[in-house]
Amino acid sequence: MPKHYRPAGKKKEGNAAKYITRTKAVSYLQISLAVFRKLCILKGVFPREPKKKVEGNHKTYYHMKDIAFLLHDPLIEKFREIKVHRKKVKKAFAKKNKDLADRLLNRPPSYKLDRLIIERYPTFIDALRDLDDCLTMVHLFAALPAVEGERVQVQRIHNCRRLSHEWQAYISRTNSLRKTFISVKGIYYQAEVQGQKITWLTPHALQQVLTDDVDFNVMLTFLEFYETLLAFTNFKLYHSINVNYPPILDPRLEALSAELYALSRYMSTGRLPGNPNSVGSIEDKETENNKESSKTDESELRLAQLQHQLPANEPGALMHLVEESTADDTEDSPAKDCRSLFRNLKFYLSREVPRESLLFIIPAFGGTVSWEGEGAPFDETDEDITHQIVDRPTQSHVFLSREYVQPQWIFDCVNARLILSSTDYTVGRVPPPHLSPFVDNDEEGYVPEYAETIKRLQDAAKNKVLPLPGLGDEAQENSIVDARSEYNEVAEKKRKLEMLEKQYHEELKLEIEGKTFSNVSNKKADIPDDVDENKSEEGNASDSTKQAADDAAEISKSLMSNKKRGLLEAMEIGKERKKSKVALLKDRKKKAESSASAKKAESSASAKKRS
């Protein structure tokens with residue numbers, strides 16, 4: 001008998017012991033497939049791909065440790081209680097015992113997912129890193145129609161809407177928004193919270209239709225977990241800025257569907273957590289805040305006046321002013337740019353523009369905003385309004401003291417981090433191309449023309465080209481001349497070394513081909529010196545570099561394994577596709593320019609004929 005012989009049906013080892021199929025896992029846990037799927041979503045257990053699939057390639061495999069992890073979870077018992085409760089309700093209705101059925105329906109078994117949040121995310125940073133899909137899912141369900149009788153409960157939709165507005169209010173209050181982009185799918189946002197970049201997608205404000213192609217049971221299971229995760233995250237973030245959670249909103253604004261504005265007003269009051277005595281209307285809180293801020297300003301002014309009278313090494317003198325100054329110094333430059341982008345600007349939104357997104361973006365970058373409708377902070381006739389966001393060709397009233405721009409101007413200003421010229425975004429004019437801030441133009445190999453224009457404006461705004469400090473005009477010119485002469489000397493030395501290297505490669509080629517030096521010298525003597533030098537410099541440089549690159553590539557390919565060679569070929573195919581895409585974009589640009597010039601020529605010719 002062999003040493004490692006194991007009879008059939010005994011203990012398994014290897015992949016057969018490490019992995020289990022889904023059918024066996026369901027029977028092992030003694031639950032239905034729907035409950036198993038829900039349990040895996042809530043616990044974060046996903047299928048695995050073993051190297052060797054013992055029971056076939058057409059089956060789904062799970063790790064045995066994950067299944068053992070699910071076996072001891074208390075949620076299984078809760079799901080079994082829910083199943084038993086449904087059977088009791090069904091039995092009571094079958095026996096026409098309406099009182100018992102009503103009592104059972106009023107006391108259904110419930111469970112909480114708080115423990116799972118702590119299990120899956122030991123630290124708050126882990127929760128922030130996994131927030132992209134959560135925010136996208138919650139914003140998707142918040143945009144669904146809240147209609148009774150649909151597959152999604154109205155309470156779930158209202159809860160998603162509340163959570164999404166709370167998140168947006170925090171991002172807007174802390175000026176954490178960094179990028180935004182309008183696409184066909186919806187509007188992309190990217191915020192930076194505690195050093196973590198969070199990107200999510202919100203659908204457009206259109207009428208959503210529930211299709212039959214989507215399994216809403218799976219999506220609702222994900223939503224159930226994501227609601228709990230986002231509620232925990234909002235609680236932590238609100239307490240980090242000393243604001244009570246959950247917020248208490250103004251019922252009048254909430255009835256007018258202005259929850260985001262009501263949240264921003266609530267957060268501007270700056271209520272401390274755990275202060276139940278602060279009860280009252282929002283207007284009274286705002287007046288109290290204004291009084292307190294005026295008192296603090298007066299005290300700061302008095303302390304600043306006494307600053308020069310106090311000794312420099314006085315311990316504890318002007319401590320709060322020092323803390324504020326150090327906080328301003330440690331703040332990163334993107335946060336400063338975002339906070340002051342729309343400062344001292346007042347916006348008014350017409351009824352045809354996307355109000356939800358603009359009410360979120362404009363305050364996040366320091367602007368003041370109002371809208372057309374009830375509950376707005378100020379009317380359209382306010383003389384302090386600097387910009388009015390419109391999206392229709394004609395206006396009933398035109399105020400000369402403000403600029404009328406399209407909504408794209410807001411998004412492009414946010415991505416460029418500067419106030420762009422509003423002449424290209426006026427009403428009735430085709431706006432410039434809306435460029436995505438999530439695309440790296442240098443990596444793609446194609447830089448759009450408008451991106452180059454924005455780059456020049458950014459460089460001009462940052463004043464990158466500055467004179468050297470402490471130097472006059474003459475000294476600055478002398479320094480520039482010295483730098484150029486040094487650069488020319490280095491370039492000359494480099495060119496000589498390249499010429500010697502080319503000559504050496506030529507001699508090696510001649511030795512390999514078996515040609516003598518006399519024949520080559522006679523051929524070179526027949527050619528003029530100037531032409532010979534130019535041709536040798538251009539041709540030899542290109543030939544030698546191409547030959548060296550091809551030789552190195554062939555040698556490296558021959559030494560690679562089949563797997564790495566396939567990966568290299570896939571990379572080369574991707575580079576070729578990228579080059580062809582760039583060439584296609586350049587051809588389109590040329591055609592568009594030629595068509596535009598032809599149209600201009602036709603219009604000028606027709607104008608001349610008319611005249």
Checklist entry - Within the set of pairs 6+ apart or on separate chains, which have a first residue in the stretch 67-87 that is closer than 16 Å to ALA34 by Cα, a second that is open to solvent by 80 Å² or more (accessible area, probe 1.4 Å), and C-beta atoms under 7 Å apart? => result ILE67/TYR28
Next on the checklist: Can you find a residue that is surrounded by 15 or more Cβ atoms within 10 Å (Cβ to Cβ) and among the acidic types (Asp, Glu) anywhere in the stretch 190-206?
Outcome noted: yes
Next on the checklist: Anything in the stretch 146-161 that is of a type in the set (Lys, Arg) and crowded, with 22+ Cβ neighbours inside 10 Å? List them, or say none.
Outcome noted: none
Checklist entry - For the stretch 151-188, how many residues meet the condition of being among the aromatic types (Phe, Trp, Tyr) and closer than 13 Å to ALA364 by Cα? => result 2
Item to check | Checklist (1) modelled with pLDDT of 75 or more; (2) at positive phi applied to SER580, failing item | outcome: (2)
Checklist entry - Taking the stretch 130-145 as the search range and keeping residues that are hydrophobic (A, V, I, L, M, F, W, C) and more than 19 Å from the chain's Cα centre (by Cα), which one is surrounded by the most Cβ atoms within 10 Å (Cβ to Cβ)? => result PHE141
Checklist entry - Quick check, is ASP550 without any contact (Cβ under 8 Å) to a residue 24 or more places away in the chain, among the acidic types (Asp, Glu) and within 30 Å of GLU506 (Cβ to Cβ)? => result yes
Checklist entry - For the stretch 324-333, does any single residue satisfy the condition of being in contact with a strand residue (DSSP E or B) (Cβ under 7 Å, 6 or more places away or on another chain) and either at pLDDT below 90 or outside any loop (DSSP other than H, G, I, E, B) (or both)? => result no
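The values are calculated or read from the model by the stated rules, or taken from the named source; none is laboratory data. Being a predicted model, the structure only gives us computed values, none of them experimental. Glycine also receives a Cβ, built like all others from the backbone with ideal geometry; neighbour counts cover every protein chain displayed. The protein model used for the area step is the full one, side chains on, heavy atoms only, and it has no ligands, DNA or RNA in it. Shrake-Rupley method; radii C 1.70, N 1.55, O 1.52, S 1.80 Å.
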